[in-house]
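Read through the structure below, which is laid out as structure tokens, and then see the notes.
The values are calculated or read from the model by the stated rules, or taken from the named source; none is laboratory data. Keep in mind that this is a model prediction, so the values were computed, not measured. In this analysis, Cβ positions are derived from the backbone assuming ideal geometry, glycine residues included, and neighbour counts consider all displayed protein chains.
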Amino acid sequence: MNDRYAKQRIFLGAEADASLRSKRVAVLGLGALGSVIAPWLARAGVGHLTLLDRDLVEASNLQRQLLYGESDLGRPKAEVAAQRLAEANSTVELHPVVADLTSGNARELLSGFDLLCDGTDNFEARFLLNDMAILTGTPWIYAGAIGGEGVVWPLHPPHTPCLRCLIEEPPAGGDVDTCDSAGVLGPAVGVIGSWAALEALKVLTGKAPHAGLARFDFWQDERQFLKPPKTRCRFCTERITEFLEARWTLKASPLCGLEGVQIRVNPPGRLDLGALKSRLEARTRSPWRQAGLMLKGQEGPDEITLFADGRALVHGPMTPERARSWYAEVIGA
Ligand SMILES: [Zn+2]
């Protein structure tokens, strides 16, 4: 196993290769992008990887999320990802976190890293990442893919522009509260994830990453390299982190592409799932199953999954309004 990094060491040089062993990286989102970024970093021997994702593996993920298989359906992505990466490289310290990133926990979850990697599919999380990068001076790599195209942009404010220098506010429809109905091709997101991982290795070994935003449309065979914006926004120049300061308590939004609702709470709570289990079983007169940090059961036609951090996923005909009042009634919020 001593020769695990032999090919990489020849290319990077012994010192740069060895420096990876002491680096700490957080990969936020373990969907299609994270499924590519995280394994490359684990196999390259990055010392510590925090793997953060709030979701469970669903059948509709398998077309493009390479870390998961059919036997993983219903399991938290962060946990499955950590298991797979440990098989690939047992020397990497892996820290899976099943949580929803909000302004209430971003400081706790995203501090103390050498690099933050964006594997998310929503701008709410990206603007929080950007704020954390500004607050802590940590580089981050913005990546996104949709349809047959994608973008990669390594950022390190104040040394480079920040996300808000280019996109001041989350685009309408790019927020987690609205469903993006566009599809995505697996190989397109795979190339983008690999490009992001490559830029990550540059940052971690002290080489300057690609300056500016690279956009590829693999389906139409187009590519663009946008120069970084010349003028800096007031958010990174004055270190204004307004997304980290945002205050909200509960959001109920439709699930994308599925019948159902997601309920998110901020700051994340600490639910006593054992006590809730008895209460819900008495209420619904049916068994609820507790597995790790999840509690799952049926309320009428809806299948409900509650997480210890206070989140809830409802699969069924329940509307967001009804889900909100169900939650207030049962959990109390
Ligand atoms: Zn900026």
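Give the residue that is surrounded by the most Cβ atoms within 10 Å (Cβ to Cβ), with candidates limited to residues of the stretch 308-322 that are more than 14 Å from Arg264 (Cα to Cα) and touching a Pro at 6+ places or on another chain (Cβ under 7 Å).
Checking each candidate, the answer is Gly316.
Taking Ala197 and the conditions (1) within 16 Å of the ligand (Cβ to nearest atom); (2) over 30 Å from His315 (Cα atoms), which numbered condition does it fall short on, given that it satisfies the others?
Result: Ala197 fails condition (1) only.
So which of Pro287, Pro209 ends up being in contact with a Lys or Arg (Cβ under 7 Å, 6 or more places away or on another chain) and either among the hydroxyl-bearing types (Ser, Thr, Tyr) or modelled with pLDDT of 95 or more (or both)?
The unique qualifying residue is Pro209.
Would it be correct to say that Asp131 is farther than 16 Å from Leu213 by Cβ, within 15 Å of the ligand (Cβ to nearest atom), at pLDDT 95 or above and buried (at least 19 other Cβ atoms within 10 Å of the Cβ)?
yes
For the stretch 5-32, how many residues are loosely packed, with under 13 Cβ neighbours inside 10 Å and in contact (Cβ under 8 Å) with a residue 12 or more places away in the chain?
1
With respect to the numbered conditions (1) more than 14 Å from the ligand (Cβ to nearest atom); (2) buried (at least 23 other Cβ atoms within 10 Å of the Cβ); (3) not in a strand (DSSP E or B), which one is the sole condition not fulfilled by Cys117?
Against the list (1) more than 14 Å from the ligand (Cβ to nearest atom); (2) buried (at least 23 other Cβ atoms within 10 Å of the Cβ); (3) not in a strand (DSSP E or B), Cys117 comes up short only on (3).
Within the stretch 178-188, identify whether any single residue is in a helix (DSSP H, G or I), closer than 20 Å to Pro139 by Cβ and at pLDDT 95 or above, and answer yes or no.
Scanning the stretch 178-188 turns up no residue that is in a helix (DSSP H, G or I), closer than 20 Å to Pro139 by Cβ and at pLDDT 95 or above.
Could you check the stretch 80-97 and list, in sequence order, the residues that are hydrophobic (A, V, I, L, M, F, W, C) and in contact with a helix residue (DSSP H, G or I) (Cβ under 8 Å, 6 or more places away or on another chain)?
Val80, Ala81, Leu85, Ala88, Val92, Leu94, Val97 - these are the residues of the stretch 80-97 that are hydrophobic (A, V, I, L, M, F, W, C) and in contact with a helix residue (DSSP H, G or I) (Cβ under 8 Å, 6 or more places away or on another chain).
Enumerate the helices (runs of 4 or more DSSP H) found wholly within the stretch 204-307, keeping only those where 2 or more residues are surrounded by fewer than 16 Cβ atoms within 10 Å (Cβ to Cβ) and either within 16 Å of the ligand (Cβ to nearest atom) or free of Cβ contacts under 8 Å to residues at least 40 places away in the same chain (or both).
234-237, 273-284
Looking only at the stretch 64-78, which residues are surrounded by 20 or more Cβ atoms within 10 Å (Cβ to Cβ) and not basic (Lys, Arg)?
Selection gives Gln65, Leu67, Tyr68, Asp72, Pro76, Ala78.
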